[in-house]
1. Output the number of the condition that Val306 fails; it satisfies all remaining conditions of (1) touching a residue at least 60 places away in the same chain (Cβ under 8 Å); (2) closer than 23 Å to Gly442 by Cβ; (3) touching a strand residue (DSSP E or B) at 6+ places or on another chain (Cβ under 8 Å).
2. Filter segment 48-61 down to residues that are in contact with a Ser or Thr (Cβ under 7 Å, 6 or more places away or on another chain) and within 12 Å of the ligand (Cβ to nearest atom) and give me whichever is nearest to Glu457 (Cα to Cα).
3. Can you pull out the residues in segment 343-370 that are outside any loop (DSSP other than H, G, I, E, B) and of a type in the set (S, T, N, Q)?
4. Please work out which residue is surrounded by the most Cβ atoms within 10 Å (Cβ to Cβ), limiting yourself to segment 503-522 and to residues that are more than 14 Å from the ligand (Cβ to nearest atom) and outside any loop (DSSP other than H, G, I, E, B).
5. Here is a check on your reading of the model: is Gly169 small (Gly, Ala, Ser) and either near the ligand (Cβ under 10 Å from one of its atoms) or over 22 Å from Gly222 (Cβ atoms) (or both)?
6. Within segment 36-74, can you find the residues that are within 11 Å of Ser115 (Cβ to Cβ) and among the acidic types (Asp, Glu)?
7. Taking the options Arg426, Arg445, Arg458, Arg469, name whichever one is surrounded by 16 or more Cβ atoms within 10 Å (Cβ to Cβ) and either over 19 Å from the mean Cα position of the chain (by Cα) or charged (D, E, K, R) (or both).
8. When only residues in segment 74-124 that are within 13 Å of the ligand (Cβ to nearest atom) and among the charged types (D, E, K, R) count, which is modelled with the lowest pLDDT?
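The values are calculated or read from the model by the stated rules, or taken from the named source; none is laboratory data. Because the structure is a prediction, the values reported are computed rather than measured. When we count neighbours, we look across all protein chains shown, and the Cβ atoms used for this are built from the backbone with ideal geometry, even at glycine.
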Amino acid sequence: CLATFLMVTSFLPTINHFHMLATNALADDDIFTLDIVSRIHTDHDSIAKASSDFGHIVEAIPNGVFHPTSPADIVALIRLSISQPKPFTVVPRGQGHSARGQALAPGGIVIDMRSMGHGDHGYRANLSSDQLWVDVGGEQLWIDVLHATLEHGLAPRIWTDYLHITIGGTLSNGGIGGQAFRLGPQISNVHELDVVTGMGEMITCSPDKNTDLFFAALGGLGQFGVITRARIALEPAPKRVLWVRIAYTDVESFTRDQELLISNPSSGCGFDYIEGQVQLNRTLTEGRRSSSFFSASELDQLAKLVLDTGSTAIYYIEGAMYYNDDTASSVNQKLERLLEELNFVPGFAFVRDVSYVEFLDRVGREERKLRAAGAWDVPHPWLNLFVPRSRILNFDAGVFKGILQDAKPAGLVLMYPMNRDRWDDRMTTTTPGGEDVFYAVGLLRSAVAAGDLERLERENAAVLAFCDREGVGCRQYLPHHASRDGWRRHFGEKWGRLAALKRRYDPRGILAPGQGIFSAAG
Ligand code: FAD
């Protein structure tokens, strides 16, 4: 019977062993187990794909890849695991666009969440009758949610820069982007979730119901359950966007203007989206220059600005102003008025008039170019930090004008502020405490040439050491810590609550082992 079968298997010590047991030992009521086991793929290709991620830094070989077609399959898999004397680990994997093995499960089972969209259920989405929210499967891509909701003239309110990633993947982290200064991260724009916990229970949770699971799962790094449905807040979608970049040669004016622009998040009279970039001067004056935004002559103009002023970096505020047919005649004046208040280098404002989808899917276009150039599937030792506003100038001096001044490849560097009151402290995500504003700084660099990865890793380590030494009070976003102590420091005062939630919702420690926060299953 099932119990004996499970006792005997002590599940999946090796792939071959698994095959043998799966075919030998079944009887009577084991149909349930057979059904689950038959959805676990162990072929070379499946295992190879699930052993790595976008980062191409960490490799971890799972014992199998599970292809659920419904949330009930996930419940069954998790129950199968925890019914074992020694349970196997389980990780939901969306697109695997993590950088440090967060969606890997060495020796465990990877749940290929994307297969949920391919079963009988197809695209799992349901719009509310009042059009205020959409229910979507955790496996859905944001780009698909965008297209589906646009058919009704609606869209989610807050976006990551890249949309070919899953709902579950970004909600497990936070989901930040240029709208976050006024609306908070994606996790602040969710009304309800279905979560399959590490106990194999499907629980519906919201700010009013099973509250602790709701706030644990949002930003919970996959530690407490598998998100199978999320109710996402919607707004009327704009048709078009004025997409703007304005350039600065000094960090003080740049940050002052960014903070001015985010200081009135509810008024709706400025930009709808605000981010920023730091372009270290090498990327403008040396090597191959290309940009999805700037034309070749604009890049020449910017390179001349660097040479003329001798500045170490160019800083851009990137803004977006949404508009529709009824506001088309006034949007340019509105932009002009706004730009008059800002202190960028005169003449260095660049404006594109694009559709809403073109604007939101800008990194998708970049991906296609990078893939064509063979520069997408390369190591990505990305480092994302939240830096308190009060220390951003020290950070700039120590990192951009210090550690990274001669960095090669310099790569893409993002830097933009957010209002802390748009984050919900009941969630497990951590932000720098004590200040109203913090900056997201993303060192999004690719290792293309030999030796790049080691160099970039050394620079990342130097940046983290600088932050520690100078007491900058940074927190990692999309965090990675090699030690338990690192994680304790990361979560700070939330650590005790986090550990208690883990004991409650995943007491056998089977979920998302690749994050390395808690000990593996036992
Ligand atoms: P995966 O890498 O598959 O999983 C990430 C983690 O989430 C894992 O621990 C996994 O177990 C867990 N997980 C996945 N699905 C579920 C689920 N259904 N339930 C519970 N846990 C789950 N992030 C931003 O916030 N803003 C950005 O602007 C941004 N831009 C990006 C641009 C690019 C080009 C890339 C590659 C990434 C970017 N990211 C950004 C980071 C991205 O949000 C995260 O890496 C995200 O986790 C990727 O989603 P995924 O579906 O690939 O998740």
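1. So the condition that Val306 fails would be (1).
2. In the first step, residues of segment 48-61 are kept if they are in contact with a Ser or Thr (Cβ under 7 Å, 6 or more places away or on another chain); the result is 53-55, 59-61.
Adding the requirement that they be within 12 Å of the ligand (Cβ to nearest atom) leaves 53-55.
Details: Asp53: 17, Phe54: 16, Gly55: 12 Å.
The selected residue is Gly55.
3. Step one: list which residues in segment 343-370 are outside any loop (DSSP other than H, G, I, E, B), which gives 349-360, 362-370.
Result: Ser355, single match.
4. Per the criteria, the residue is Arg504.
5. On the way: small (Gly, Ala, Ser): yes; either near the ligand (Cβ under 10 Å from one of its atoms) or over 22 Å from Gly222 (Cβ atoms) (or both): yes.
Yes.
6. Asp73
7. Numbers: Arg426 fails: surrounded by 16 or more Cβ atoms within 10 Å (Cβ to Cβ); Arg458 fails: surrounded by 16 or more Cβ atoms within 10 Å (Cβ to Cβ); Arg469 fails: surrounded by 16 or more Cβ atoms within 10 Å (Cβ to Cβ).
Going through Arg426, Arg445, Arg458, Arg469 in turn, the sole match is Arg445.
8. Arg124
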